[in-house]
Amino acid sequence: QTLDEVLAEQEGEFDADTRWALAWFEQYGFNEGLFGVAETLSKAKNTAINGLVEAGIIIAKSGKVKLLPRSDIPQEWDPSTDRRLTIWEITQHLIRTLEIHGESGAAELLQKIGGGRGENARDLCYRLYSICERKKWAQDAIGYNSLIVAWPEITKIVQSSRRTEKAQRMLLGEE
């Protein structure tokens with residue numbers, strides 16, 4: 001319960017779209033829900049359904065809404081060109097990249113994203129894992145736990161890469 005309280009306090013660091021997705025996930029997981037319920041929640045979280053669709057977080061059609069599962073997110077996603085970058089989306093892409101390309105792939109993506117947003121994604125993973133544990137959603141919990149467990153190694157790879165890049169710039173006289 002104490003962990004849940006601490007994790008809930010971290011929600012203030014998330015963007016409105018991520019707060020919406022977190023609340024929706026807690027209620028529905030990756031299952032469909034009614035558009036009207038989603039719209040009411042979007043107003044409470046200061047976002048909009050069309051914005052959530054644009055952000056690549058949800059699918060909304062035929063009066064139903066559902067979070068876009070990781071298996072359906074585009075692999076060619078580039079955070080530098082994403083016009084509506086959210087912590088939810090970053091988290092899902094980091095997990096998917098970790099699953100497909102391992103820790104080095106996730107580190108490469110984290111480097112593109114930047115440390116602050118990456119740390120928020122890790123914090124979101126803790127929150128999502130806690131929800132999955134409480135609701136006994138073991139399959140969903142695996143992805144979040146995987147990123148949490150791999151995080152120290154991923155950040156070590158990023159730091160090593162930055163040191164290597166800096167050394168190369170120094171050798172070339174660029175610093």
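The values are calculated or read from the model by the stated rules, or taken from the named source; none is laboratory data. Just so we're clear, the structure is a prediction, and the values are computed from it rather than from any experiment. Cβ atoms come from the backbone with ideal geometry, glycine included; neighbour counts cover every protein chain shown. For the accessible areas, the whole protein counts, side chains as well, though only heavy atoms, and no ligand, DNA or RNA atoms are used. Shrake-Rupley method; radii C 1.70, N 1.55, O 1.52, S 1.80 Å.
Can we say residue 167 is among the aliphatic types (A, V, I, L, M) and either under 11 Å from the mean Cα position of the chain (by Cα) or under 29 Å from residue 20 (Cβ atoms) (or both)?
no
Can you confirm whether region 146-158 contains a residue that is open to solvent by less than 20 Å² (accessible area, probe 1.4 Å), under 12 Å from the mean Cα position of the chain (by Cα) and in contact (Cβ under 8 Å) with a residue 12 or more places away in the chain?
Yes, region 146-158 contains a residue that is open to solvent by less than 20 Å² (accessible area, probe 1.4 Å), under 12 Å from the mean Cα position of the chain (by Cα) and in contact (Cβ under 8 Å) with a residue 12 or more places away in the chain.
Testing residue 148 on (1) more than 24 Å from residue 11 (Cα to Cα); (2) not in a loop (DSSP other than H, G, I, E, B), one condition comes back false. Which one is that?
That leaves (1) as the condition not met.
Based on what the data block shows, is residue 114 modelled with pLDDT of 95 or more, out of contact with any Leu (no Cβ under 9 Å at 6 or more places or on another chain) and not acidic (Asp, Glu)?
Considered against the rule, which asks whether it is modelled with pLDDT of 95 or more, out of contact with any Leu (no Cβ under 9 Å at 6 or more places or on another chain) and not acidic (Asp, Glu), residue 114 comes out as no.
Hand me the list of helices (runs of 4 or more DSSP H) wholly inside region 2-118 holding 1 or more residues that are open to solvent by less than 20 Å² (accessible area, probe 1.4 Å) and touching a residue at least 60 places away in the same chain (Cβ under 8 Å).
Counting at least 1 such residues, we get 2-10, 16-28, 87-113.
Among 133, 153, which is the only one that is in contact with an Asp or Glu (Cβ under 6 Å, 6 or more places away or on another chain) and over 21 Å from residue 80 (Cβ atoms)?
Unique residue meeting the criteria: 153.
If residue 162 meets every condition in (1) in contact with a Gly (Cβ under 7 Å, 6 or more places away or on another chain); (2) surrounded by fewer than 21 Cβ atoms within 10 Å (Cβ to Cβ) apart from one, which number is that one?
If we test residue 162 against (1) in contact with a Gly (Cβ under 7 Å, 6 or more places away or on another chain); (2) surrounded by fewer than 21 Cβ atoms within 10 Å (Cβ to Cβ), just (1) comes out false.
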